[in-house]
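Chemist: Once you've had a glance at the structure underneath, I'll fire off some questions.
The values are calculated or read from the model by the stated rules, or taken from the named source; none is laboratory data. The structure presented is a predicted model; accordingly, all values stated were derived computationally and were not measured. All Cβ positions, glycine included, derive from the backbone under ideal geometry; neighbour counts span all protein chains shown. Note: accessible area is taken over every heavy atom of the protein model, side chains too, but ligands, DNA and RNA are not part of it. Shrake-Rupley method; radii C 1.70, N 1.55, O 1.52, S 1.80 Å.
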Amino acid sequence: MKLIAYVALILFGLLLPTTTFAQEFTITGTISDSTKQPIAYANIILRTQNDSTIIAGTSSNEEGRFTLNNVEAASYVLTVSFIGYEDFNTGVSIEKDIALKTITLTEATEALSEVEITYKKPTLKKEVDRLVFNVEKSALTEGNMMEVLRSTPGVLVLDNKITIKNAPPTVYINDRKVHLSNEELSQLLESSSANTIKSIEVITNPPAKYDAESGAVLNIIMSKNLATGYNGSVYSNYTQGVFPRMNYGMNNFYKTSKVNIFANYSYTNKKENREGLETINFLDNGSIDERWITDTDRNKWTETHNFNFNFDYFINNNNTLSVSSNILLLPYFKYITKGTTNISDAANVHQSSFNSNNLSRDEKYNLGFDLDYVHDFKNEGKLSANAHLTTYDYTRDQDVNSDYFDQTNNYDFSTAFNTNANQNTDIYTGQLDYETPIDQTASFSAGIKASQITTESDITQFDIIGGTEILDPNNTDAFNYDESIYAAYLSYEKSWEKWSLSVGLRMEQTYIEGQSINDNINNKQDYLEWFPTLNLSHQASDHVSVYVNYKRSLERPNYQSLNPFKFYINDNHIFAGNPDLKPSFTDHVVLGTSISDTYIVEAYYKRTKGNVSFLPIQDNENDILIETPVNLDETIEFGFDFSTFFNITENWFVYFVTSFYNAQDETNFNGNSVILDKWTNYTVFSNDFLLLKDKSLTANFTFAYTSGSLQGLRETSSAVVTNLSLKKNVFKKKGTVSLYISDLMNEQDFSVSTKYLNQDNTTFSNLDNRYIKLGFSYKFGNTNLETNERTKERNERDRLEKKEL
């Protein structure tokens, strides 16, 4: 009889929608505990009875009441859940509006207070092309996103710059690119709460759907929640380095069964200090002719406003429309560089000196907008479409004044000039992706993308002679740049009992035209390139897997590097672009093994043709140093990595990695062959602690060491990074107080040397990276609700970033 009843109920549920077409009803109810006290923010989920498809979700309000609207006539299963209580399930048959009786939840075997203090331990899983660091509901998510990244295996954050194997990754949130510069991305991550992070994917060998410029990808996966309602948070950070820095912000999120709305605003006001000591040995036939030693002090003032807005509209169960924007405004930027240069002969006898004062004032805005549409084919794949627009405007006014003194330090003469530079860039992209399962063990995906980038820039320089501005035509120019990229890809994945395979092929057709008006330079590039990827993995035993990865990628020069304009530190130290730059191409092979998802050993080989390197080039005849980007002939890197992640105790988690690798740069410099190579060690030891009985105090201590390394014909010295962070939950876990101490050992500063042929110069940088940061955040509203917060990145936007003078 029960079987007949179930069959009848299923048939009734299948027939009911056809007999009540276009009718929608409402379910209401109340949630309470055994003492008849209302339970607020309980999760209510409605599923179809036949295949458990989720139809709607909500959460109870402060009085324990809930409402599910727009429910079509059918038979469903209603599930109510709340932390510390047993799940409640009941069948409901809808043919009219229903008011359910009060639902009483039964307390779980563990007391609620015990459940609340239970934290999951972070786990690490090695997949064929990535490391997956699961942190959901762990203590690591009690801070901001940047702090989670500092504890992520394979990721190193130095001076707020994110790197994977000494190279910046492309950052995604929920598979959408974060289209901001490094500094802008750092501000976003530091001001964004981490309590909605599910996992961090460190993708060292990205599949073909990612742009060919994505050498490594960092994908932040946000957790999902069907609860509806409103939540928000406010936060503030005070940082004391050489000078104080401040950051304030607010997040707001509202969700219903049809829409998600997220809005964030943050404001940052900071002053940063940077000191340096530069030594240039100008040579004559290999011997020192003059030695220039420059002591610089640089101060930078910035005020930035960040806006982030996301709107999702769920048209129905299969179609979603989204609009998002990322807006950065920089209304105030002042950069002062003061330098004193002493010039001596080969015997270190003082010859002359000069002082320089360089003042730059910038204004910038960076506006990005995305429109997304996603259609889910029931059990047959997904179609995604994206349209993106970026508009970027940048203005810099620069004044340079220098006073010269003779051998006896008496005033000799002065020079002065000013420049005005402008750049406007518009980026348009369109993308279409389709993915579908072939069977339970295989899937296929394909996509196309088109992007159009237009940049117009100009610079005007005036020499100040006798108090009068006189146009300098040699340093006055306009530069126009157009770039079109058309891409398509195919990807296939297949798994067997012990083997898994993913292969892909991406094609990118590029058209480039750069035109310098004053120099009459017209640089055109037209090339079609193919980018294969391969990931093959074999499960050799229950605890051991071996794998091999291969990827070909490229790196295009950023727009500023292609711009031939000159920017001056002083009369003799110049930054200049290179309109003749070409893209670089990299082949990367990895052979590795994973043991119990705890120990990972890898060997790799990477070869790059045309690697773009920013080199200081000495003009020994005219005593000038010009820093400019160039293409090296070949860069080869190979090495061995070992990493592990484990729990020493229940409340002490450790991550350790060490890498030994050799880098070799080879190029032709002024008709001479130059080959340099160097072995380097990179080691990170990160510790996470849960403290106090209720686990409300967390701590992280990270030690990172990198020995001297070779980066584009330039040797960097060793550096030690030591950071300590503490976080305490307050106000019933709605508030968080944090303390972050950077560069405990004061060993993070470094020097960079260039020594080959007739090049001999060294720069030591004392960065403003030793500081203490105090932070406070407070959540309000439905704190069980998780947001649709996300940002998007385009590789095209990454290349907006400028070289800091």
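Chemist: Consider only pairs whose beta carbons are under 7 Å apart and that are at least six residues apart or on different chains; among these, list those whose first residue lies in segment 150-169 and is assigned to a helix (DSSP H, G or I) and whose second residue is of a type outside the set (Asp, Glu) and at pLDDT below 70.
Modeler: Partner pairs satisfying both residue conditions: Arg150/Val157.
Chemist: Can you confirm whether segment 645-666 contains a residue that is surrounded by fewer than 19 Cβ atoms within 10 Å (Cβ to Cβ), at negative phi and part of a loop (DSSP other than H, G, I, E, B)?
Modeler: yes
Chemist: Failed condition for Lys551, given (1) open to solvent by 20 Å² or more (accessible area, probe 1.4 Å); (2) under 18 Å from Ile203 (Cα atoms); (3) of a type in the set (Lys, Arg), with all others met?
Modeler: Of everything listed in (1) open to solvent by 20 Å² or more (accessible area, probe 1.4 Å); (2) under 18 Å from Ile203 (Cα atoms); (3) of a type in the set (Lys, Arg), Lys551 misses just condition (1).
Chemist: Further, regarding this structure: Name the residues in segment 304-338 that are open to solvent by 20 Å² or more (accessible area, probe 1.4 Å) and within 30 Å of Leu277 (Cα to Cα), would you?
Modeler: Matches in segment 304-338: Tyr332, Phe333, Lys334, Ile336, Lys338.
Chemist: From Ile574, Ile600, Ile624, grab the single residue that is in contact (Cβ under 8 Å) with a residue 40 or more places away in the chain, surrounded by 16 or more Cβ atoms within 10 Å (Cβ to Cβ) and over 26 Å from the mean Cα position of the chain (by Cα). If you could, list the steps in order and put the result at the bottom.
Modeler: Working: Ile600 fails: over 26 Å from the mean Cα position of the chain (by Cα); Ile624 fails: surrounded by 16 or more Cβ atoms within 10 Å (Cβ to Cβ).
Just one listed residue meets the conditions, Ile574.
Chemist: Residue under question is Phe689, and the condition is that it be open to solvent by 10 Å² or more (accessible area, probe 1.4 Å), closer than 30 Å to Ser233 by Cα and not in a loop (DSSP other than H, G, I, E, B); does it hold? If you could, list the steps in order and put the result at the bottom.
Modeler: Details: open to solvent by 10 Å² or more (accessible area, probe 1.4 Å): yes; closer than 30 Å to Ser233 by Cα: yes; not in a loop (DSSP other than H, G, I, E, B): yes.
So Phe689 passes the test.
Chemist: Hey, another quick one. Give just the number: which of (1) open to solvent by less than 40 Å² (accessible area, probe 1.4 Å); (2) more than 25 Å from the chain's Cα centre (by Cα); (3) among the hydroxyl-bearing types (Ser, Thr, Tyr) does Thr441 not satisfy?
Modeler: The single condition Thr441 does not satisfy is (1).
Chemist: Taking segment 727-764 only, how many residues are at pLDDT 90 or above, over 27 Å from the mean Cα position of the chain (by Cα) and in a strand (DSSP E or B)?
Modeler: Qualifying residue count for the region: 10.
Chemist: So, one more: Among (1) surrounded by 14 or more Cβ atoms within 10 Å (Cβ to Cβ); (2) at pLDDT below 95, where does Thr341 come up short?
Modeler: Here Thr341 meets the rest and fails (2).
Chemist: Please verify whether segment 685-704 includes one or more residues that are at pLDDT 90 or above and under 29 Å from Asn761 (Cβ atoms).
Modeler: no
Chemist: Okay, moving on. In the set Leu11, Leu68, Leu46, Leu16, which member is surrounded by 15 or more Cβ atoms within 10 Å (Cβ to Cβ), among the aliphatic types (A, V, I, L, M), over 24 Å from Lys732 (Cβ atoms) and at pLDDT below 70?
Modeler: Unique residue meeting the criteria: Leu16.
Chemist: Taking the criterion of being among the hydroxyl-bearing types (Ser, Thr, Tyr), modelled with pLDDT of 90 or more and over 19 Å from Ser561 (Cα atoms), would at least one residue in segment 510-521 satisfy it?
Modeler: Scanning segment 510-521, I find no residue that is among the hydroxyl-bearing types (Ser, Thr, Tyr), modelled with pLDDT of 90 or more and over 19 Å from Ser561 (Cα atoms), so the answer is no.
Chemist: State whether the residues of segment 525-543 include one that is exposed (fewer than 15 other Cβ atoms within 10 Å of the Cβ), in contact with a Leu (Cβ under 6 Å, 6 or more places away or on another chain), within 13 Å of Ala208 (Cβ to Cβ) and not hydrophobic (A, V, I, L, M, F, W, C).
Modeler: yes
Chemist: Would you tally the residues in segment 76-103 being part of a strand (DSSP E or B) and either modelled with pLDDT of 85 or more or among the β-branched types (Val, Ile, Thr) (or both)?
Modeler: Residues meeting the conditions: 15.
Chemist: If Ile31 satisfies all but one of (1) under 27 Å from Asn231 (Cβ atoms); (2) in a loop (DSSP other than H, G, I, E, B), what's the number of the condition it fails?
Modeler: (2)
Chemist: If a residue must be in a strand (DSSP E or B), open to solvent by 60 Å² or more (accessible area, probe 1.4 Å) and in contact (Cβ under 8 Å) with a residue 24 or more places away in the chain, how many such residues does segment 702-720 contain?
Modeler: Result for segment 702-720: 2.
Chemist: Next question. What is the one condition in (1) more than 22 Å from Pro564 (Cβ to Cβ); (2) in contact with a Gly (Cβ under 8 Å, 6 or more places away or on another chain) that Arg607 does not satisfy?
Modeler: (2)
Chemist: Which condition number does Ile741 fail, the rest of (1) under 17 Å from Ile164 (Cα atoms); (2) hydrophobic (A, V, I, L, M, F, W, C); (3) out of contact with any Ser or Thr (no Cβ under 6 Å at 6 or more places or on another chain) being met?
Modeler: (1)
Chemist: Also, quick follow-up: Out of Ser545, Ser561, Ser541, I need the residue that is among the polar types (S, T, N, Q) and assigned to a loop (DSSP other than H, G, I, E, B). Which one?
Modeler: Only one candidate passes the filter, namely Ser541.
Chemist: Does segment 668-679 contain at least one residue that is at pLDDT 90 or above, over 25 Å from the mean Cα position of the chain (by Cα) and more than 30 Å from Asp289 (Cα to Cα)?
Modeler: For segment 668-679, residues at pLDDT 90 or above, over 25 Å from the mean Cα position of the chain (by Cα) and more than 30 Å from Asp289 (Cα to Cα): present.
Chemist: Report yes if some residue within segment 257-267 is touching a His at 6+ places or on another chain (Cβ under 7 Å) and touching a residue at least 12 places away in the same chain (Cβ under 8 Å); otherwise report no.
Modeler: Within segment 257-267 (the criterion being touching a His at 6+ places or on another chain (Cβ under 7 Å) and touching a residue at least 12 places away in the same chain (Cβ under 8 Å)), the answer is yes, since at least one residue qualifies.
Chemist: Cβ-Cβ distance below 7 Å, separation of 6 or more or different chains: which pairs start in segment 25-36 with a residue that is at pLDDT below 85 and end on one that is buried (at least 18 other Cβ atoms within 10 Å of the Cβ) and assigned to a loop (DSSP other than H, G, I, E, B)?
Modeler: Note: pairs meeting the criteria are Asp33/Ile39; Asp33/Leu105.
Chemist: A further question follows. Condition first: in a strand (DSSP E or B) and under 20 Å from Asn570 (Cβ atoms). Can you find one or more residues in segment 299-308 that meet it?
Modeler: Checked against the condition, which is being in a strand (DSSP E or B) and under 20 Å from Asn570 (Cβ atoms), segment 299-308 yields at least one hit.
Chemist: Okay, moving on. Looking at the structure I just gave you, is Ala385 within 30 Å of Asp289 (Cβ to Cβ), in a strand (DSSP E or B) and either among the acidic types (Asp, Glu) or out of contact with any helix residue (DSSP H, G or I) (no Cβ under 7 Å at 6 or more places or on another chain) (or both)?
Modeler: no
Chemist: Let me ask something else. Which of the residues that make up segment 364-417 are aromatic (Phe, Trp, Tyr) and open to solvent by 30 Å² or more (accessible area, probe 1.4 Å)? Break it down into steps so the answer makes sense when it comes.
Modeler: As a first pass, look at segment 364-417 and keep what is aromatic (Phe, Trp, Tyr): 365, 369, 373, 377, 392, 394, 404-405, 411, 413, 417.
Scanning segment 364-417 gives Tyr365, Phe369, Tyr373, Phe377, Tyr404, Phe405, Tyr411, Phe413.
Chemist: Kindly indicate which of Gln509, Gln515 is surrounded by 15 or more Cβ atoms within 10 Å (Cβ to Cβ) and free of Cβ contacts under 8 Å to residues at least 40 places away in the same chain. If you could, list the steps in order and put the result at the bottom.
Modeler: Details: Gln509 fails: surrounded by 15 or more Cβ atoms within 10 Å (Cβ to Cβ).
The match here is Gln515.
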